[in-house]
Amino acid sequence: MPAARELLLDAAFSALGSRPWHGVRMVDVAAAAGVSRQTLYNEFGSKDGLARALVRREADAFLVGVQRSLAETLAGGGADAADCCAAAALWTLRTARTNPFVRAALTGCRGDRLPPAAAPPLPPPRTPRDARPLRGGPTPGALVERIRDSALGALGAVGALGGAAPQQTPAGTDGTRRACEAAVRLTLSYVVAPAATDEEAARDVARLVRALTGQQVSGPSPTAGAR
């Protein structure tokens, strides 16, 4: 059975499906989670604390999904920077459509339904570097950097660029770094103004990266490994 903290976060997320944040009552969240209101306050301290924890959880889950899509794309071998950026784009677009927290974090547009972004974040727990929560809140700029660096790190770990050795990380290749960042920013434009299909947007992202890096079309489909 999930811990009380996760049950409360799930209940708060569900509540936002039918009412704006200012209409969500702590007593209702506690009741939906099947715990006492005191337990809720013990876990989060206040409604603002609950909001910060919920925003952080959704942002972290999104970033874990980015890393998973990259790993799946690279698992078959032969993938390049374009394939990785396309896979990250596909995951981003699909998640932003279904998760209002992720969409708000990516675009900076929260509206009245979500918690305000002004509250300071909770101190991050001690976790591995690639899994740590965003410091200072999940801003669009911070997410661009994290997605870009995830793609570069994944490529460097397997030497996916031109047969490079693992220690020759693409993060040190300025052209590839810029191409990956441009790919993420193009992806965000499709979050705001969607293409006909997510797959079409992912192909555009792959074409952009190949054009900027001079790569030939090779390896798996731009949507391979992104589920």
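The values are calculated or read from the model by the stated rules, or taken from the named source; none is laboratory data. Fair warning: this is a prediction, and the values are worked out from it, not measured in the lab. We place every Cβ from the backbone using ideal geometry, glycine too, and count neighbours over all the protein chains shown.
Descriptive notes on the structure:
- For GLY77: the one exception among (1) assigned by TED's automatic domain parsing to the domain that holds ARG146; (2) surrounded by 20 or more Cβ atoms within 10 Å (Cβ to Cβ); (3) over 29 Å from GLY141 (Cβ atoms): (2)
- Verdict on PHE44 being crowded, with 20+ Cβ neighbours inside 10 Å and more than 30 Å from LEU152 (Cβ to Cβ): yes
- The C-beta contact set for region 1-24 (first residue part of a loop (DSSP other than H, G, I, E, B), second residue at pLDDT below 95, distance under 6 angstrom, 6+ apart or interchain) comprises PRO20/ASP112; PRO20/ARG113; VAL24/ALA15.
- Test for ALA131: is it surrounded by fewer than 17 Cβ atoms within 10 Å (Cβ to Cβ), in contact with an Asp or Glu (Cβ under 6 Å, 6 or more places away or on another chain) and modelled with pLDDT under 90: no
- Within region 32-89, tally of residues that are small (Gly, Ala, Ser), under 30 Å from ARG210 (Cα atoms) and in a helix (DSSP H, G or I): 12
- Residue in region 205-223 that is under 19 Å from the mean Cα position of the chain (by Cα), surrounded by 15 or more Cβ atoms within 10 Å (Cβ to Cβ), at pLDDT below 90 and not hydrophobic (A, V, I, L, M, F, W, C) present: yes
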